[in-house]
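This report refers to the structure that appears directly beneath it.
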């Protein structure tokens, strides 16, 4: 509801310029950088990472008046070393040193089709492939009460191969700025692998699944150049 109210307010502010737009306005061969408009009027990445904080750059290229390609790519790599001490009373050992390694990468490619554009308003549909990769690893140096030492390693790997489907409306408030609202969902194949230590050694888990995710309505701002 907040997003719908925000869209109405923003469109009302620019309504006078929409209908006064240059009739010779053309989208062909134009590039656009896209941002997501939040409820507090701040601009964020149009696509987001699932696990880590990070930005995904979103670009759109109109190769005709009714067709465009949208490309999003981004990621995050985090390495951390620490000497946190976690004493375990039941087994009389503590973790002396730890190292963590986490990384996430995501890529989106979408074809967008505009059936018609009239008075600066366009309806669009589209879709395309998605790939996301996430890895987390943690190594711990364990000190036991009898002064023995051991090293434990746990990890998690997650890969998603999918397809996005979307539909929305775009309002060209200037020749170089547009507002949009879109809704969509992702469907795809997810493969997970995990490795975790236990009293008998390591436990390895593997799973394969089909996922369907629906997204909240996204409000976007596109800047053309």
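Odds and ends about this structure:
- Condition met for residue 134 (farther than 30 Å from residue 176 by Cβ and at pLDDT below 90): no
- Pairs with Cβ under 6 Å, 6+ apart, first in region 117-130 and farther than 28 Å from residue 73 by Cα, second not in a strand (DSSP E or B): 120/18; 120/21
- Residue check, residue 178 farther than 27 Å from residue 138 by Cβ, more than 21 Å from the chain's Cα centre (by Cα) and crowded, with 19+ Cβ neighbours inside 10 Å: yes
- Segments classed as strands (runs of 3 or more DSSP E), wholly inside region 52-114, with at least 3 members that are at pLDDT below 75 and farther than 30 Å from residue 223 by Cα: 67-82, 86-88
- Extreme residue, modelled with the lowest pLDDT, among residues of region 14-51 that are over 14 Å from the mean Cα position of the chain (by Cα) and part of a strand (DSSP E or B): 43
- Considering 225, 172, the condition of being touching a residue at least 60 places away in the same chain (Cβ under 8 Å), exposed (fewer than 13 other Cβ atoms within 10 Å of the Cβ) and either under 16 Å from the mean Cα position of the chain (by Cα) or under 19 Å from residue 61 (Cα atoms) (or both) is satisfied by 225 alone.
The values are calculated or read from the model by the stated rules, or taken from the named source; none is laboratory data. What you are looking at is a predicted structure, and each value in this text was computed from that prediction instead of being measured. A quick note on method: Cβ atoms are made from the backbone with ideal geometry, for glycine too, and the neighbour counts reach across all protein chains shown.
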